[in-house]
1. From the set of residues in region 83-118 that are open to solvent by 60 Å² or more (accessible area, probe 1.4 Å) and touching a Lys or Arg at 6+ places or on another chain (Cβ under 9 Å), which is modelled with the lowest pLDDT?
2. For S275, which of the numbered conditions (1) over 17 Å from T379 (Cα atoms); (2) part of a loop (DSSP other than H, G, I, E, B) fails to hold?
3. Please go through region 239-258 and give me each residue that is open to solvent by 20 Å² or more (accessible area, probe 1.4 Å) and touching a residue at least 60 places away in the same chain (Cβ under 8 Å), ordered by number.
4. Pick from D323, D309, D316, D374: which is under 20 Å from Y43 (Cβ atoms) and over 18 Å from the mean Cα position of the chain (by Cα)?
5. Give the residues of region 2-42 that are assigned to a strand (DSSP E or B) and either over 18 Å from G102 (Cβ atoms) or under 25 Å from the mean Cα position of the chain (by Cα) (or both), sorted by residue number.
6. Would you mind telling me which numbered condition in (1) open to solvent by less than 70 Å² (accessible area, probe 1.4 Å); (2) under 24 Å from D382 (Cβ atoms) L121 fails?
7. Whether any residue in region 294-303 is buried (at least 19 other Cβ atoms within 10 Å of the Cβ), touching an Asp or Glu at 6+ places or on another chain (Cβ under 7 Å) and touching a residue at least 60 places away in the same chain (Cβ under 8 Å) is what I want to check.
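The values are calculated or read from the model by the stated rules, or taken from the named source; none is laboratory data. Bear in mind that the values here come from a model prediction, so they are computed numbers and not experimental data. Cβ coordinates were reconstructed from backbone atoms using ideal geometry, including for glycine residues, and neighbour counts include every protein chain displayed. To get the accessible areas, we keep the full protein, side chains included, count just its heavy atoms, and leave off ligands, DNA and RNA. Shrake-Rupley method; radii C 1.70, N 1.55, O 1.52, S 1.80 Å.
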Amino acid sequence: MTRFLAVERALRTAAPHDLLPAVRTALVEHYHAIEVDLLMADYSLSVLQQVTTLPHTAEPLSVQTSPEGRAFESQEPFGQYAARDNAMDLHLPVTVRGDRLGILTVRMPGQLCDPETITELGDVAELLGHEIIVAERDTDLYLQARRANRLTLAAEMQWQLLPGRACARPEYAIGAQLEPAYDIHGDNFDWSTTAETLTLAVTNGMGDGIRASLLTNLAVNALRNARRAGVDIADQAALADQAIHWQHRGREYVSTLLLSFELATGRGKVVDAGSPQLWRYRDRSVERVRFEAQFPLGMFEESVYVAQDFDALPGDRLVFVSDGVYGAPGKGGEPYSERALARAIHATSLLPAAAVPRAILRELAAYRDTAADDDALVTCLDWFGRPAA
C-alpha cells in the first residue's frame, strides 16, 4: 500500500498534461514496470488511441479485436505475455464511476504479476481516470487522443455538453451513445443524481448542423438551470419551454423526454414532450412504454406540462431512442421497425448498460442502406433498486 500511495501522490501533484509521464515514472520506480502506455477510447467507441502530443502517429487499436479492447469491453484486467523479457502486459480499464475512458497498459516482469500487484495497478488505473477528468478542464491532450477523425463544430459543441457516456450507482447503471459520433447535430442526453433522486433527459433539437446544436445547447442548459433551482420536472419543462420560445418564437423547438426517479422506491415522473421513445425490457419481454404526448419545448408560448406517473422495478432495463433510430430507413425503404428495435433490445439483454447503446447502433448501421442523415441516440438505464440495509 505504501507504493500505491507514492503513485497517488505523484499523480495528484502532476501538471494536467503530465499525468502519463508522472504515472509512468512512479510505476517504474515503485512497481518495477518496464513500459507504461495510456490509450483513450475514441468518440465512436470503436478504437483505442495512444495519448501522445500531436500529430498522433501510432496506429489505433480495434476495441473488438485487440487484447486492449478485450479489457475495455469486459472491464476486467487482461494480461498477455510479451514476446520478450519474460514480461507480461497488463491491460487495465481506466473507468470513472462506470464511464469507460480507456486502457492503461503496464508491462511488468512476469514474476511480479501477483494478485495483490494486479489489484493495486487496477486501482492506479481508476485513480488515473479521476485525474484525467479533472485535468481536461485545463488541457486538450486527452480530448485530442479521443479523435480518430476531426469533429465537426456542431459535434464538438454536443460532446462538450454531455455529462459522460456512462454512470453507475448501486441503484442503477446508465450507458449512452450518439452516432454519427463525429458529425452529430441536435440529439443529446443528460442526467443528474442526488442522494435520493435521478433525473434523466433525452432531447432532440430540430434542424441540423450548428443550428441544431445551438438549439439543443439552449434547451439542455435551460433544463439544467431549472433543475438546479430545485423545481420538479413539469416546471423544468415549462421553464425550458419559455426560454426556447422567447428565443425562437415557435419557429424552432426541441423534442424532449424528461424523467425523475426516487432511488429508494423506483417511483418516477415523466414528461413526454416530443419524439424520443422509451422501451422496457422486463421478464424477458420487450415493449414500448407510451405516455400522453405533450408539446415539444418552445413550440407554443407558455405551454403547461403535466408529469405522469411511472414505476421502475428491480431488474428493469429502460432503453431510450431518438427518431434517428426508430425512423431510420432500411434497405427496402421501410423505417427501422418496432419489431427490429425490439429484437435488438432483446439480443443485447446480457450486455451491461454501458455496452448496450453501441451494440444497438451497430445493429442499426447494418440495417440501414445508406450512411446516416440524422442523429441516432440510444440511452440504456438498468434499474437495480436500492439494496436492503
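1. That would be D85.
2. All conditions are met except number (1).
3. Q242
4. Criteria check complete, one pass: D374.
5. Answer for region 2-42, where residues must be assigned to a strand (DSSP E or B) and either over 18 Å from G102 (Cβ atoms) or under 25 Å from the mean Cα position of the chain (by Cα) (or both): D37, L38, L39, M40, A41.
6. The single condition L121 does not satisfy is (2).
7. Among the residues of region 294-303, at least one is buried (at least 19 other Cβ atoms within 10 Å of the Cβ), touching an Asp or Glu at 6+ places or on another chain (Cβ under 7 Å) and touching a residue at least 60 places away in the same chain (Cβ under 8 Å), which makes the answer yes.
So that you can scan it fast, the table gives a plain yes or no per residue for (1) closer than 30 Å to P387 by Cβ; (2) β-branched (V, I, T); (3) within 14 Å of the chain's Cα centre (by Cα):
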position	(1), (2), (3)
G129	yes, no, no
D138	no, no, no
R147	no, no, no
A155	no, no, no
Q160	no, no, yes
A168	yes, no, yes
G175	yes, no, yes
E179	no, no, yes
D183	no, no, no
